[in-house]
Amino acid sequence: MGKHFHQPVDATKVPRFAGHATFMRLPAVASAHGLDIALAGIPWDGGTTNRAGARHGPREVRNYSSLMRSTHHVFKTEPFKIANIADVGDLDVNPIDLLDGLRLIEAGIASILEAGAIPLCVGGDHLTTLPVLRAIAKSQAVGLIHFDAHSDTNDTYFGNNPFTHGTPFRRAIEEKLIDPGRTVQIGIRGSIYGPDEHDWAIAQGVRIIYMEEFAERGAEDVIAEVRRIVGGLPTYVTFDIDSIDPSMAPGTGTPEIGGFSTREAQQLIRLLDGLNLVGADIVEVAPPFDVGGMTSIAGATMMFELMCILARQIDRTRGLLPS
Ligand code: MN
Ligand code: MN
């Protein structure tokens, strides 16, 4: 098994700073056919309400992902030996037409799913997760594990516009893409528009774990609850880089102090091992606000963590299926 799998460029032969930048130094492929995991960029920030720039996220995360090696040091997992993974490039986007942008992203994810691969995406702002979910949850609502400083369940902005990066999960609940009873938001903090900002989500059944509760309980206890909530049914993981403290990830549009350390973020993802994941993304890396590439490094590393969890899942599933 695995002889035909794509492999990253060998850094002992070609230095990390050389060659074309692709996610994890994997081959760039034209389609997701034959892949277990498709790494895709979504260079689109048409939903950003304040400081734009996440459209530049995929290119910089590709660049800094050259720092990732091939083995996870805790799990000892070698993702490229147990799963076929490659960079399928950036999805088509439209930077000046929001609705066409959403349509194109959904179509791009649909083609990855039709090829039988699990999408692991790098945005883009958080509105990109809505069309991803439209493709993934076309026939059945999924659970959602959502790391963020913000709930992103506001209703409308700027003249009743329903589509911004502050509204994707309200739309996803209304469109029955995610099951609010199997939706958990972790790391929520910062000033809000009003005391009732989160009430709508909570009334739908969403579990909001504020940063203060996380700090009190710790990662293991919190994720044990998350696992009870989402259970073994299909679940999507979305990681907004602004969940990490801006002292460690300043390159983002809506920074909020008091966030996760990068080490806590890694631990949180590792604790998701063994769930039934149908896709994942890293969003809101905005390189124009970055300092020395530290946010892109955080984004690339969190992508590596998620990729290892997905590869382990594929390895387990493969063992369960008849050959
Ligand atoms: Mn967000
Ligand atoms: Mn956020």
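Residue by residue through segment 162-181, note down the ones that are within 12 Å of ligand 2 (Cβ to nearest atom) and assigned to a helix (DSSP H, G or I). Selection gives Pro168, Phe169.
Taken over segment 263-306, the residue count meeting the criterion of being within 16 Å of ligand 2 (Cβ to nearest atom) and β-branched (Val, Ile, Thr) is 4. Looking at segment 251-262, which of its residues are within 9 Å of ligand 2 (Cβ to nearest atom) and of a type in the set (Gly, Ala, Ser)? Once the filter is applied, which keeps residues that are within 9 Å of ligand 2 (Cβ to nearest atom) and of a type in the set (Gly, Ala, Ser), segment 251-262 yields only Gly253.
Being within 16 Å of ligand 1 (Cβ to nearest atom), in contact (Cβ under 8 Å) with a residue 60 or more places away in the chain, small (Gly, Ala, Ser) and surrounded by fewer than 19 Cβ atoms within 10 Å (Cβ to Cβ) is not true of Gly166.
If I filter segment 112-126 for residues that are of a type in the set (A, V, I, L, M, F, W, C) and part of a helix (DSSP H, G or I), do I get at least one hit? Scanning segment 112-126, I find at least one residue that is of a type in the set (A, V, I, L, M, F, W, C) and part of a helix (DSSP H, G or I), so the answer is yes. I want to confirm something. Restricting to segment 244-283 and keeping residues that are small (Gly, Ala, Ser) and in contact with a Leu (Cβ under 9 Å, 6 or more places away or on another chain), which single residue is nearest to ligand 1 (Cβ to nearest atom)? Here the answer is Ala280. Contact annotation: residue pairs with Cβ atoms under 7 Å, 6 or more positions apart or on different chains, pairing a residue in segment 235-254 that is of a type in the set (Gly, Ala, Ser) with a partner that is within 8 Å of ligand 2 (Cβ to nearest atom) and assigned to a loop (DSSP other than H, G, I, E, B), are Ser243/Asp148; Ser243/Ala149; Gly253/Glu284.
Sort out which residues of segment 26-58 are in a helix (DSSP H, G or I) and either out of contact with any helix residue (DSSP H, G or I) (no Cβ under 9 Å at 6 or more places or on another chain) or surrounded by fewer than 22 Cβ atoms within 10 Å (Cβ to Cβ) (or both), and write them in order of number.
The answer is Arg55, His56.
If the condition is being surrounded by 18 or more Cβ atoms within 10 Å (Cβ to Cβ), among the aliphatic types (A, V, I, L, M) and farther than 24 Å from Gly251 by Cβ, then segment 114-134 contributes Ala117, Ile118, Leu133. Considering Ser151, Ser66, the condition of being in a loop (DSSP other than H, G, I, E, B), touching a residue at least 40 places away in the same chain (Cβ under 8 Å) and not aromatic (Phe, Trp, Tyr) is satisfied by Ser151 alone. You will find that of Val61, Val93, Val74, Val88, the residue that is in a strand (DSSP E or B), touching a helix residue (DSSP H, G or I) at 6+ places or on another chain (Cβ under 8 Å) and either open to solvent by 30 Å² or more (accessible area, probe 1.4 Å) or within 16 Å of Leu26 (Cβ to Cβ) (or both) is Val88 and no other.
Would you tally the residues in segment 115-147 being on the phi > 0 side of the Ramachandran plot and either within 16 Å of ligand 1 (Cβ to nearest atom) or acidic (Asp, Glu) (or both)?
Here the count works out to 1.
Taking the criterion of being outside any loop (DSSP other than H, G, I, E, B) and over 20 Å from the mean Cα position of the chain (by Cα), no residue of segment 1-25 qualifies.
The values are calculated or read from the model by the stated rules, or taken from the named source; none is laboratory data. In this text, all values refer to a predicted model and were calculated from it rather than measured experimentally. Virtual Cβ from ideal backbone geometry, glycine too; neighbours counted across all protein chains shown. The accessibility values were calculated without ligands, DNA or RNA, using every heavy atom of the protein model including side chains. Shrake-Rupley method; radii C 1.70, N 1.55, O 1.52, S 1.80 Å.
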